[in-house]
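One structure is given below, encoded as structure tokens.
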Amino acid sequence: MIKSREISATDFSILQQRVNDEPLVYLDNAATAQKPQAVIDALTHFYQHDNANVHRGVHTLAERATAAYEQAREKVQHFIHAPEMETVIFTKGTTDGLNLVASTYGEQQVHAGDEIVISIMEHHSNLIPWQQLAIRKHATLKYIGLTADGELDLADAARQITPRTKIVAVTHASNVLGVVNPLKQLAQLAHQNGAVLVGDGAQAVPHMKVDVQDLDVDFYAFSGHKMMAPTGIGVLYGKKALLAAMSPYQFGGEMIDFVHQQSSTWTQLPWKFEAGTQNIAGSIGLGAAVDYLTAYGMDRVHEREAALVANLLPRLVAMPGVTVFGPHDPAKHTGVITFNLDGLHPHDVATALDMEGVAVRAGHHCAQPLMAALHQVATVRASFYLYNTQADVERLLTAIQETKEFFNHGSVSAK
């Protein structure tokens, strides 16, 4: 039983520093989240007390390491409401999980003339694996477009998904537009046409309750580092019957049953897809991050971010010379806000904000087809998480105003 908790100032010591002589405001959480002390302590404890390889030794350290590794899998299972532990596969991250599906299920099920359907708002990690699969298999890659305000166009989804479609792969929450896509409806559309639905949960799992059974997704991938776990660890959920029928992704130790000179057989799920020594410490850190989020409450994470967006978005939209991409209704937004300032390159804006101690992201956000659709080379992105405050919103708005004044007049108003 995990006790409920509040966020303590000592939980995120990295946020207590000054950057460029200003208190740090970290708003690059869509790229990676900061790690609470509880996660850092879990890593330290593992390396100081339990470090050993898993599933191999019978000595005490090996058994403790194996128990902690599999306990982390069980925590993830409950966190995303997966039906069984066997359906939770540890990966290196979202990109690895999506490549696993493309390289196994996709290779087996997609043939010449078939269709793969994605959306124009996909991160490259949920675009390039399908693009390359379509090229290899002589299949057609199709895109679902956007509505005028930057939401997924469901009417277009119904047109693009046909009986020739084998795979529909869509992000659950956009890393640019800040919208949440209706995966449950897309899964129904996909299943009605005999296709599977692959969900990219990288920007969703850290910020909202996710129930993979209720969504009825066939596969769902996400990263640990965006939800306060270490880098290099992620998860692929898949329906058990689909995973059981898929060939292994990689070959080597740990994933075999028997090896003969000319043939081999594979072990059971989920280890069939976890060849070689895995990121054991990362998995345990992911389990600690799940504990932290569970203790704080995912409803509270969502409510906290929604309150920040409700304060920021209308004021940013109303600011002269600012273009905000995605819906302007805070109720339709996650904690990701993307914008540009008229006449200024996003990299210059991000550098100016950094001089004020505000860390944001500038660039194409690994979504170049979306940038082309928005007629932008790059944008500025501020992204919030559970440790951000209304004071951070005020610091961002002030820094944007001062950046505008500096580039327009070569000076800023007195603080």
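Structure summary
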quantity: Relative contact order [Cα under 8 Å, 6+ residues apart], the range 45-113, whole percent; calculated: 16 percent
quantity: Per-residue ³J(HN,Hα) for the range 236-252, Karplus 6.51 cos²θ - 1.76 cosθ + 1.60, θ = phi - 60°, Hz, x for Gly and Pro; calculated: 10, 9, x, 5, 4, 5, 5, 4, 5, 7, 8, 6, x, 7, 9, 10, x
quantity: Surface/4 of the Cα convex hull for the range 317-415, nm²; calculated: 6.8 nm²
quantity: Placed amide H near Lys92: partners under 5 Å, 5+ positions off or other chain; calculated: Gly97, Gly234
quantity: Share of carbon and sulfur in the accessible heavy-atom surface of the range 52-182 [1.4 Å probe, %]; calculated: 54 percent
quantity: Within the chain, helix-based [θ] at 222 nm, where runs of 4 or more DSSP H residues each add -39,500 (n - 2.57), nearest 500; calculated: -11000 deg cm²/dmol
quantity: Euclidean distance between Cα centres, the range 384-402 to the range 211-245, Å; calculated: 32 Å
quantity: Positive dipole terminus of the range 15-114, leading residue within Val76, Pro23, His49 (C-beta point charges); calculated: His49
quantity: Surface per residue (accessible, 1.4 Å probe) for the range 291-415, Å²; calculated: 42 Å²
quantity: Length-normalised contact order of the range 1-146 in % [C-alpha pairs under 8 Å, at least 6 apart]; calculated: 13 percent
quantity: As computed over the chain, the Cα convex hull volume per residue (Å³); calculated: 146 Å³
quantity: Mean separation of Cα contacts under 8 Å (6+ apart) over length of the chain, as relative contact order %; calculated: 22 percent
quantity: Cα centroid separation, the range 354-378 to the range 273-347 (Å); calculated: 15 Å
quantity: Dipole in debye (nearest 20) - the range 164-258, about Cα centre, beta carbon charges: Lys, Arg +1; Asp, Glu -1; calculated: 240 debye
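The values are calculated or read from the model by the stated rules, or taken from the named source; none is laboratory data. Quantities reported herein were computed from a predicted structural model and do not represent experimental measurements. Ideal geometry is used to build each Cβ from the backbone, glycine not excepted, and the neighbour counts take in all protein chains shown. When the accessible area is computed, the model is the full protein with side chains, heavy atoms only, and any ligands, DNA or RNA have been set aside. Shrake-Rupley method; radii C 1.70, N 1.55, O 1.52, S 1.80 Å.
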